[in-house]
Amino acid sequence: MKHFTIKLMTVAATLLAFASCGKDDDGPSGKIDLKVQAVAPTTEDKVSDYSQFTVTVSSERDGKTMTESLDASGSATFNLDIGSYGIEIRGKENGKEYFGTTGMAQYGQSTTVSVDVENLSVHYTGNMDGIVLSELFYNGGTYGGTMMHPDQYIVIANNSDREINVSGLALAQASNMNTLPCSDLTSLLPDYVVAANIYQIPAGQNYTLAPGEVYVIASQAQNHTESYTPNPEKDTGIPVDLSGADFELADNDAAMSGSAVDNPKVPNLTKVANSMPGGVTAWMHPYGIRPLFLFDASGIEWSSFKSQNGFTYNDRPQKDAAIQEYQGYKVPTNLIVDAIETTSATTPYWGNYTSKSLPVTVDKSYVQATIEGCHHNTFMYRVKGTDGKFKDTNDSSVEVKIEHRSDFKGYPEGWRNE
């Protein structure tokens, strides 16, 4: 795969000055022509006719979208209000699927935007192909007046028609925040995704999932309701019982409080790396702005992998914080088994969605991980198609949903037999 770069040919750096915004105060007014030009940047990805491609422009201000067909040369022009817009291009030629996207950008005058379109035919095809993330609990509630994170968990599912041994499967959190993109990290896309936090289902074991079966992986495999005292005025839900999880991290570096409880009945994941200990970035950022992904590490020898793929980068932990140096590891995209680009439009310290943390070959779009904000007991899950299988088109905007659950009991001991 070649680098998926977004070229802005003549994007204006500043908006038109304005004296009055009107009573709604919603930004400068005026119309612009935004011309979109699709470009297949490599010889092997060359497109001879773009007339079967479409381009969609979405407005950050009101969420409305506009879709047009490209002409044969790959261009289309939109007459828009001055504002901030995102662009997506989709299409097929000769059986190959192509996709291109930009993050949100501000446009204050008529301009042309050149968008690289990527051939999506290259993806993971190894022995774990068919394993998907079927449920993500990023966003715990406020329980008894206290914000919760220890009851975070994910569920992985065998979405194939054959048995799959997931021994050696790794869970990683992308180092790059999609609300505060780091150029050190985005420059490696789409070939590599840098991860600071990596945990692995123990390698060399027989952890086999039959078709349709799932494993629950908890941060801490405890019944988190046991120490819960209801507070009706502040509660946004009830804690999740994870005592019946199949695996747990039980790692102090992945715990909000810096102190994790280990359930001796539940196998622990192997900690490969966690370079951001103690805090909301420790495993699953509750706003989802560091997306999780799964990759096949069954053939990896970690000491040599770390020496060959170690990557030092400079980034801000929050939008107003000083730049710091971090250590991560480059994970080749062709090892990524599944991923969901999660984000949030409601983060107080990390801004709003700007550009993707994951390459479009694993997820073309993104999905919001919050509804009302953080600590509102919201669950994210992958929907099923008419065939009873989870939808897996590498497009989270259409295959992943989020909902508030006030009374979900979780995965207690013996949950499979209930």
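Give, rounded to the nearest 20 debye, the magnitude of the charge dipole that the stretch 356-418 has about its Cα centre when Lys and Arg contribute +1 at Cβ and Asp and Glu contribute -1 at Cβ.
Values: 10 positive and 10 negative charges, 27 e Å.
My answer is approximately 140 debye.
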Qualifying lysines (Cα of each under 21 Å from Cα of Lys384; at least 8 residues distant if same chain): Lys364, Lys401
Computed FRET value (nearest 0.05) for Ala72 with Thr111, which takes r as the C-beta separation and R₀ as 30 Å: 0.85
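In terms of the Cα gyration tensor, with a ≥ b ≥ c the square roots of its eigenvalues, is the chain rounded because a/c is under 1.5, prolate because a/b exceeds b/c, or oblate?
Numbers: a/c = 1.80, a/b = 1.41, b/c = 1.28.
Prolate.
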Label-point gap, in nm, between Gln52 and Ala210 - each point 7 angstrom along Cα→Cβ: 4.1
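Calculate the dipole size of the stretch 205-340 relative to its Cα centre from +1 charges on Lys and Arg beta carbons and -1 charges on Asp and Glu beta carbons; express the result in debye to the nearest 20.
Details: 8 positive and 16 negative charges, 84 e Å.
I would put it at about 400 debye.
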Options Asn158, Gly74, Gly168, ranked by Cα towards positive dipole end of the stretch 67-194, top entry (Cβ charges): Gly168
Computed [θ] at 222 nm, deg cm²/dmol, the chain (DSSP H ≥ 4; -39,500 (n - 2.57); rounded to nearest 500): -1000 deg cm²/dmol
Dipole-positive endmost among Gly237, Phe247, Thr179 within the chain (Cβ charges, Cα centre): Thr179
Karplus (6.51, -1.76, 1.60) ³J(HN,Hα), θ = phi - 60°, over the stretch 72-82, in Hz, Gly and Pro reported as x: 4, 7, x, 10, 7, 10, 10, 9, 10, 6, 4
In sequence order, calculated HN-Hα J values of the stretch 321-337 (Karplus, 6.51, -1.76, 1.60; Hz; x Gly/Pro): 8, 6, 5, 10, 9, 10, 10, x, 9, 6, 9, x, 4, 6, 9, 6, 7
Bins of 5 Å, starting at 0 and running to the largest distance - Cα pair percent for the stretch 261-364: 2, 9, 16, 22, 22, 16, 9, 4, 0
Whole-Hz couplings from phi, Karplus 6.51/-1.76/1.60, listed for the stretch 110-115; x for Gly and Pro: 4, 7, 10, 10, 9, 10
The stretch 383-418 and the stretch 117-164: distance between their alpha carbon centers, rounded to Å: 10
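Using a 1.4 Å probe on the protein heavy atoms, what percent of the accessible area of the stretch 30-186 belongs to carbon and sulfur? Please report the intermediate quantities before stating the final value.
Numbers: 2490 of 5810 Å².
Whole-percent figure for carbon plus sulfur exposure: 43.
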The chain - charge dipole about Cα centre, Lys and Arg +1 at Cβ, Asp and Glu -1, debye rounded to 20: 520
Average accessible surface area per residue within the chain, 1.4 Å rolling probe, Å²: 43
Gyration tensor (alpha-carbon) shape descriptor, the stretch 89-239, a/c threshold 1.5: oblate
Solvent-accessible area, 1.4 Å probe, carbon plus sulfur percent, for the stretch 282-399: 47
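The values are calculated or read from the model by the stated rules, or taken from the named source; none is laboratory data. Because the structure is predicted, anything quoted here is derived from the model rather than measured. Don't worry about glycine lacking a Cβ; one is built from the backbone with ideal geometry, like all the others, and counts go over all protein chains shown. Keep in mind that these areas ignore ligands, DNA and RNA; they rest on the heavy atoms of the full protein, side chains included. Shrake-Rupley method; radii C 1.70, N 1.55, O 1.52, S 1.80 Å.
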